[in-house]
Each structure stands twice: as C-alpha cells, then as structure tokens.
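Colleague: Below is one structure. I have some questions about it.
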Amino acid sequence: MIRELRSWPTRRRLIIVTVAAMALTGLTLASGTVAIVRGSLVFPGPWWADAVTVGGACLIGLVVASYVDAPIGADATLCDLRWPALGLISLYLSTDLRTAVPLLEPSIRPVVGVAAIALLVWALLARLNSEYKATRSQRRSGTSGDIDGTEDGEVCTTCRPLFPRVGGRP
C-alpha cells in the first residue's frame, strides 16, 4: 500500500501537505498546546501531546487526500467520514489544555491519543485498501470504466457518495 502512496499524483500530495498544515494549526490553536508567554513561544503540554498532534495532523492529511480523485469503484462515501471525524475529535480531547474542567482525566489522555492515532491509521488503511482493490480489478478486466465485479467488497446501502457523479462525470 505504501507503493500506492508513491504513485499518487502531485495534486494529492499538495492536498496532504495543505490539510496536514491546516489540521496542525487548528488542533494547536483549539487545544492550547502552543502559547506565547512574555514574547516567547512555549509548549505547556506534555511531550506526547505534541507528537500525537503532529502525527494525527499528518494522518488526517493522508485520509483527506485519499478522498480526492479516487479511482472508479473506490469512491468515498459519507460513511467513510465517521472514523476520521472520531479520530480528530479524540485528538482534540486528548490534547486539550484550554478548558478549566477537562473532559478527560490526565492519566487517560495518552491512551485516548494513541487510540485516536490507531483509528486514523485504520481509516487510512481501509481507504487505501478499497483503492487497491478497485485498481486491481480494473487492471484484471482491462477496462478503465466499470469494474467487472470480481472484486466486489461490502456495499454500504445507507451511504451516499461523498462526491456524487452527475451524468457519469465527476
């Protein structure tokens, strides 16, 4: 699957960098893991919170980029958003330093942070796996359009496509 990441086009790579930077900025500002005290930049939280924030932001960038220009048959659905969204919320809750009465106890926060990273890794691997299956079956059938159905996976009957195609065009 790492090979698949190396073959991504430049547009997807730019999306990774842009979304990761936005997620890192948003998480950092929302959770208060970076502060300015007397003109100096300080990191008041524990060391693991910074590592979880950076790692989570990179994973969010990868997940979001996997939704863009997905091959036919690996189209993203609204159901694909639930696990990355829960991962993002868990990242925020595990690193939040701004609230006076935190939702999570300090001893539980590292566990939630690691669980959030694991959830984001799982969501990314699921997306990359669906892309791999779609492109593998397209290569087997020799078509660039519809998939021959030999590699059909689970079909979500309650989800709508994230980017619906109108008249067969994206």
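The values are calculated or read from the model by the stated rules, or taken from the named source; none is laboratory data. The model shown is predicted, which means the values in this text are computed figures rather than measured ones. Cβ atoms come from the backbone with ideal geometry, glycine included; neighbour counts cover every protein chain shown. These accessible areas exclude ligands, DNA and RNA; they are computed on the full protein's heavy atoms, side chains included. Shrake-Rupley method; radii C 1.70, N 1.55, O 1.52, S 1.80 Å.
Colleague: Here is a list of conditions, (1) touching a residue at least 40 places away in the same chain (Cβ under 8 Å); (2) surrounded by 13 or more Cβ atoms within 10 Å (Cβ to Cβ); (3) in contact with a strand residue (DSSP E or B) (Cβ under 7 Å, 6 or more places away or on another chain), and W83 meets all of them except one; can you say which number that is?
Modeller: (3)
Colleague: Within the bounds of region 138-148, is there any residue that is at pLDDT 80 or above and outside any loop (DSSP other than H, G, I, E, B)? If you could, list the steps in order and put the result at the bottom.
Modeller: Narrowing region 138-148 to residues at pLDDT 80 or above: none.
There is no residue in region 138-148 that is at pLDDT 80 or above and outside any loop (DSSP other than H, G, I, E, B).
Colleague: Now a separate question. If the requirement is being part of a loop (DSSP other than H, G, I, E, B), closer than 20 Å to L5 by Cβ and at pLDDT below 90, which of these qualifies: P164, P71? Break it down into steps so the answer makes sense when it comes.
Modeller: On the way: P164 fails: closer than 20 Å to L5 by Cβ.
Going through P164, P71 in turn, just one is part of a loop (DSSP other than H, G, I, E, B), closer than 20 Å to L5 by Cβ and at pLDDT below 90: P71.
Colleague: How many residues are open to solvent by 40 Å² or more (accessible area, probe 1.4 Å), in contact (Cβ under 8 Å) with a residue 40 or more places away in the chain, assigned to a helix (DSSP H, G or I) and touching a Gly at 6+ places or on another chain (Cβ under 9 Å) when one looks only at region 22-47?
Modeller: Residues meeting the conditions: 0.
Colleague: Select, from I15, I2, the only residue that is open to solvent by less than 40 Å² (accessible area, probe 1.4 Å) and farther than 25 Å from S94 by Cα. Can you show your working first?
Modeller: Working: I2 fails: open to solvent by less than 40 Å² (accessible area, probe 1.4 Å).
Of the residues listed, the single one that is open to solvent by less than 40 Å² (accessible area, probe 1.4 Å) and farther than 25 Å from S94 by Cα is I15.
Colleague: Here's something else I'd like to know. Check region 48-63 and report whether any residue there is at pLDDT 80 or above, among the aromatic types (F, W, Y) and buried (at least 16 other Cβ atoms within 10 Å of the Cβ). First the steps, then the outcome.
Modeller: Residues of region 48-63 at pLDDT 80 or above: 48-63.
Add one more test, that the residue is among the aromatic types (F, W, Y), and what stays is 48.
Filter again for buried (at least 16 other Cβ atoms within 10 Å of the Cβ), leaving none.
No, the conditions are met nowhere in region 48-63.
Colleague: Can you tell me how many residues within region 92-117 are open to solvent by 60 Å² or more (accessible area, probe 1.4 Å) and either within 19 Å of I60 (Cα to Cα) or in a helix (DSSP H, G or I) (or both)?
Modeller: 3
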